[in-house]
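Below is one structure; the comments refer to it alone.
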Amino acid sequence: TLNKYYNGAVCMIVMKFGGSSVANADRIRHIAEIIKEYREQRPVVVLSAMGDTTDDLIEAADLALTGKVLLDKTEKLHLDTAKALGIPDDEVKKRLGELRTLLTGVSMLKELTPRSRDYLVSFGERLSVRMMAAYLNSINVRAEYHDSWDVGFVSDSNYTNAELLPETWETIRTKLGPYAAGKKNDGKPIPVVTGFLALDKNGFITTLGRGGSDLTATVLGASLRAEEVQTWKDVDGILTADPRIVPDARPVPVATYDEAAELAYFGAQVLHPRSMLPCRQTGTPVRVKNSYNISAPGSIIVTKHTEKTSAVRAITTKQGVTLVDIVSTRMLGQHGFLAKVFQVFSDHRVSIDVIATSEVSVSLTVDHEKADLSALRRDLAKFADIAIRKDRAIVTVICDVRRSSQILAQTFNVLAKEKINIQMISQGASKVNISMICNSSESARVVQLLHREYFGSADIEARGGTA
């Protein structure tokens with residue numbers, strides 16, 4: 001049966017639900033109905049921890065370091081939810097007891113290592129899959145919970161930000177292959193798998209860092225050659241802009257992996273770029289769906305567009321950035337200027353968002369909350385003049401940059417009329433984004449103006465809005 005994995009997609013899907021989707025008994029019931037609706041498509045379900053459970057567990061750990069063992073929030077949420085769902089709470093109580101023992105140990109030792117922290121936060125996902133599987137079985141939908149390592153997730157020992165080892169993919173195919181390749185109505189239980197977690201070679205629990213639950217889902221989908229991976233959120237897919245800024249933002253029906261990655265980098269609530277890599281490698285489509293609007297088709301992320309698309313796909317903004325201008329006429333005609341600049345940023349472990357360069361000048365942006373700019377400025381000043389401007393924002397237009405002249409002309413025409421000055425512009429190497437820097441106070445207005453220009457008029461096609 002495993003030959004099917006190498007001859008194209010099998011008839012199964014992966015469904016991932018985040019913490020807000022399983023935040024309480026009502027949400028669990030709702031998600032269970034969605035899973036029931038899709039059961040003939042042979043889903044593998046991936047869950048995050050319930051609601052704010054991960055934050056609550058970290059808070060409990062901080063208290064334990066002061067000698068207090070307090071687990072009230074987590075215990076109450078899970079025991080009350082089990083009662084409301086009418087499911088047995090034996091497994092829940094067992095895990096809560098294990099968790100309390102761990103916190104007692106932390107309180108006695110006054111120490112929480114990265115390894116212990118991963119073990120601690122793992123209880124959120126481990127509790128949620130047990131409760132969901134129990135509830136599905138109670139409504140006559142056969143299901144079986146799995147800790148992710150039971151279906152093949154093996155990682156290195158970089159606790160809190162582990163990387164999966166290559167054997168993970170083959171082990172997943174061995175463990176879940178019979179289910180994925182099974183026949184309709186064969187009675188095999190739906191696997192409900194913990195997101196975010198793995199086990200290292202020493203048998204210790206690890207967590208997969210940012211986008212970890214999405215990564216669990218895409219690794220499963222890519223390994224099993226699923227028809228698609230679905231990640232369920234509270235919006236109708238990827239939107240043309242943040243609906244809090246542009247209330248009439250609309251879904252983007254199709255996006256490429258490159259476009260979705262750029263959206264995520266620049267502030268949109270899409271899958272973390274790291275989590276898209278497995279499906280990108282196998283060409284497995286990823287669909288973003290709305291758990292509050294099941295009938296909406298959502299947005300699908302694919303390798304490349306096969307039909308005509310609009311010149312601009314979406315507009316996003318990232319707040320809280322600092323613009324750094326670096327100029328060194330002393331380096332005119334000399335090699336090594338950029339190397340020296342980047343070495344300083346590397347030494348201070350400061351990540352750069354967008355950049356524009358000339359022979360002796362560099363303009364770039366950094367996240368000011370994560371950067372020690374005083375020390376960085378001191379080292380840069382040894383060979384260049386530095387200007388630092390805080391309270392800036394990046395506005396990114398995800399677009400077909402083969403038409404950048406037209407897009408830039410339209411964009412600057414709109415902003416000039418409103419007397420908004422752009423302080424820097426950068427075109428990404430991926431050829432799907434143009435980023436502009438403006439004052440933070442102007443960013444929402446810039447997004448609104450550009451959204452109206454590219455998406456708000458019925459005659460957009462006549463103005464060159466389609467490719």
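The values are calculated or read from the model by the stated rules, or taken from the named source; none is laboratory data. None of the values given here were measured: they were computed from a predicted structure. Because the Cβ atoms are built from the backbone with ideal geometry, glycine has one as well, and the counts that use them run over all protein chains shown. Heads up: the accessible areas ignore ligands, DNA and RNA and are worked out on the full protein's heavy atoms, side chains in. Shrake-Rupley method; radii C 1.70, N 1.55, O 1.52, S 1.80 Å.
Within a straight-line Cα-Cα reach of under 24 Å, Lys390 can be paired with the following lysines, leaving aside sequence neighbours fewer than 8 residues apart in one chain: Lys318, Lys340, Lys370, Lys382, Lys419.
For the stretch 171-234, trypsin sites (Lys or Arg not before Pro) are listed when DSSP marks them as loop and at most 14 other Cβ atoms sit within 10 Å of their Cβ; the list is Lys183, Lys184, Lys201, Arg210.
Counting residues in the stretch 118-202 as N, plug N into 2.2 N^0.38 Å and put the Cα Rg over that result.
1.18
Hey, what angle do you get for helix 404-417 against the long axis of the chain, alpha-carbon based, 0 to 90 degrees rounded to 10? The answer is roughly 80 degrees.
Overall, the ratio between the Cα radius of gyration of the stretch 308-443 and 2.2 N^0.38 Å, rounded to two decimals, is 1.12. Over the chain, dividing the summed -39,500 (n - 2.57) contributions of all DSSP H runs of at least 4 residues by the number of residues returns a 222 nm mean residue ellipticity of -12500 deg cm²/dmol. A cut-off under 14 angstrom between Cβ atoms defines the neighbours of Ala84, and their net charge, with Lys, Arg +1 and Asp, Glu -1, is +1. What the chain shows is 45 Å² of accessible area per residue, with the surface traced by a 1.4 Å probe over protein heavy atoms.
Using just the alpha carbons, could you tell me how many Å³ per residue the convex hull of the stretch 163-280 encloses?
Expressed per residue, the convex hull around the Cα atoms of the stretch 163-280 is 134 Å³.
Straight-line reach only, C-alpha to C-alpha below 16 angstrom: list the aspartates and glutamates that Lys94 could link to, leaving out same-chain residues fewer than 8 apart. Straight-line reach from Lys94, under 16 Å: Asp72, Glu75, Asp80, Glu125, Asp147. Pairs from the table (Lys188/Lys289; Lys16/Lys83; Lys308/Lys431) lying more than 20 angstrom apart at Cα are Lys188/Lys289; Lys16/Lys83.
Projected onto their three principal axes, the Cα atoms of the stretch 61-219 cover extents of 54, 40, 23 Å, largest first.
Taking the stretch 29-88 on its own, what percent of its Cα-Cα pair distances exceed 20 Å? When every Cα pair of the stretch 29-88 is considered, 46 percent fall beyond 20 Å.
Would you please give the FRET efficiency between Lys110 and Glu59, computed as 1/(1 + (r/R0)^6) with r the Cβ-Cβ distance and R0 = 25 Å, to the nearest 0.05?
Values: r = 17 Å, r/R0 = 0.67.
With R0 = 25 Å, the Cβ-Cβ based efficiency is 0.90.
Between the stretch 43-77 and the stretch 188-251, what's the alpha-carbon centroid distance in Å? If we compute the Cα centre of each part, the gap is 20 Å. For the chain, the longest principal axis of the Cα atoms and the long axis of helix 114-138 meet at an angle of about 60 degrees. Axis angle, to the nearest 10 degrees, between helix 212-223 and the longest C-alpha principal axis of the chain: 80 degrees.
I need the calculated FRET efficiency for the pair Glu40 and Asp234, taking r as the beta carbon distance and R₀ as 25 Å, to the nearest 0.05.
According to the calculation, E is roughly 0.50.
Dipole orientation for the chain: of the candidates Ala268, His451, His348, His451 has the Cα lying most toward the positive pole (charges on Cβ; Lys, Arg +1; Asp, Glu -1).
Our summary of shape: the Cα atoms of the chain have principal axis extents of 69, 58, 41 Å, ordered from largest down, in whole angstrom.
Please compute the volume of the convex hull spanned by the alpha-carbon atoms of the stretch 240-338 and report it per residue in Å³.
On the way: hull volume 18.9 nm³, N = 99.
Convex hull of Cα atoms, per residue: 190 Å³.
Taking each pair of distinct Cα atoms in the stretch 1-118 once, what is the resulting Kirkwood hydrodynamic radius in Å? Working shown, then result.
Values: mean 1/r = 0.0601 Å⁻¹.
Final number for the Kirkwood radius of the stretch 1-118 is 16.6 Å.
Each label point was placed 7 Å from the Cα along the Cα-to-Cβ direction; for Cys11 and Gln319 their separation is 4.9 nm.
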